[in-house]
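None of the figures in this text is laboratory data; all of them are computed from the coordinates on show. Fair warning: this is a prediction, and the values are worked out from it, not measured in the lab. Here Cβ is always computed from backbone atoms with ideal geometry, including for glycine, and neighbour counts include all displayed protein chains.
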Amino acid sequence: MSNIIWKIKTFEEFTVPELYNLLKARSEVFVVEQNCVYLDADGYDQQAIHVWAEEEDGEILAYCRVFDKGIKFEETSLGRVITTQKGRGRSLGKQLIQYAVETIENRYHTSEIRISAQDYLLKFYGDFGFIDTGKKYLEDDIPHTEMIRK
């Protein structure tokens, strides 16, 4: 198994290959695997801090983006959480959420985080202290629940 490299960057800090690899990984998971047609380039990447794991060759294994208060929700938030096929089964999703929470705590000085979670991941996020708010909805025809961590 190759070395896993963790990175945390703002949009302006991306190299072109990093940005390409991140967009490719998000499309592979959200558009192809989940068969969900939607505009991934939603205009929020420029306001996010991006957290990801990659292999030495730059292939993305896990990724998410985090936001300060007032961008996606009143609270800080994280989203676009993925583990690619190659990254699955390696506990990278758990490490990713830990890094994302630490990034929010260190950069935005809060532990209060609101997310829009796909319903099949409620227990996963619950293990990190996220609580179901009861707000449930379809987003791109996928059941979601709003969750909060205080």
Over segment 98-150, calculate the relative contact order: mean separation of alpha carbon pairs under 8 Å at least 6 apart, over the residue count, as a percent.
-> 40 percent
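Can you list, largest first and rounded to whole Å, the semi-axes you get for the chain by taking the square root of 5 times each eigenvalue of its Cα gyration tensor?
Details: eigenvalues 99, 64, 50 Å².
So the equivalent ellipsoid measures 22, 18, 16 Å along its semi-axes.
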Looking only at Asp40, Asp132, Asp57, which one moves most when the chain is put into a Gaussian network model with springs between Cα atoms under 10 Å?
-> Asp57
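What net charge is computed for the residues neighbouring Tyr108, neighbours being all others with C-beta under 12 Å from the C-beta of Tyr108, Lys and Arg scored +1, Asp and Glu -1? Show your work: numbers first, answer last.
Values: positive: Lys69, Arg107; negative: Asp68, Glu75, Glu102, Glu105, Glu112.
Neighbourhood net charge equals -3.
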Rounded to 5, the percent of DSSP beta bridges in the chain classed as antiparallel = 95 percent
Of Gly126, Gly79, Gly89, which has the largest mean-square fluctuation in a 10 Å C-alpha GNM of the chain?
-> Gly89
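Exposed loop GluC sites (Glu not before Pro) only (DSSP loop, at most 12 other Cβ atoms within 10 Å): please give the longest stretch of the chain free of them, not including the sites. Mind dumping the intermediate values first?
On the way: sites that count: Glu56, Glu74.
So the longest stretch without any such site is 75-150.
Just to confirm the filter: which chymotrypsin sites (Phe, Trp or Tyr not before Pro) across segment 6-63 are DSSP coil and have at most 15 other Cβ within 10 angstrom of their Cβ? It would help to have the intermediate numbers written out before the result.
Values: sites: Trp6, Phe11, Phe14, Tyr20, Phe30, Tyr38, Tyr44, Trp52, Tyr63; in loops: Phe14, Tyr38, Tyr44.
Sparse-neighbourhood loop chymotrypsin sites (Phe, Trp or Tyr not before Pro): Tyr38, Tyr44.
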Under a cut-off of 16 Å between alpha-carbon atoms, report the lysines in cross-link reach of Lys86, not counting same-chain residues fewer than 8 places apart.
-> Lys24, Lys94
Report the local net charge at Lys136: Lys and Arg +1, Asp and Glu -1, summed over other residues whose C-beta lies under 12 Å from its C-beta.
-> -3
By a straight-distance test (C-alpha under 13 Å), which aspartates and glutamates pair with Lys136 as possible cross-link partners, with residues fewer than eight away in the same chain excluded?
-> Asp119, Glu146
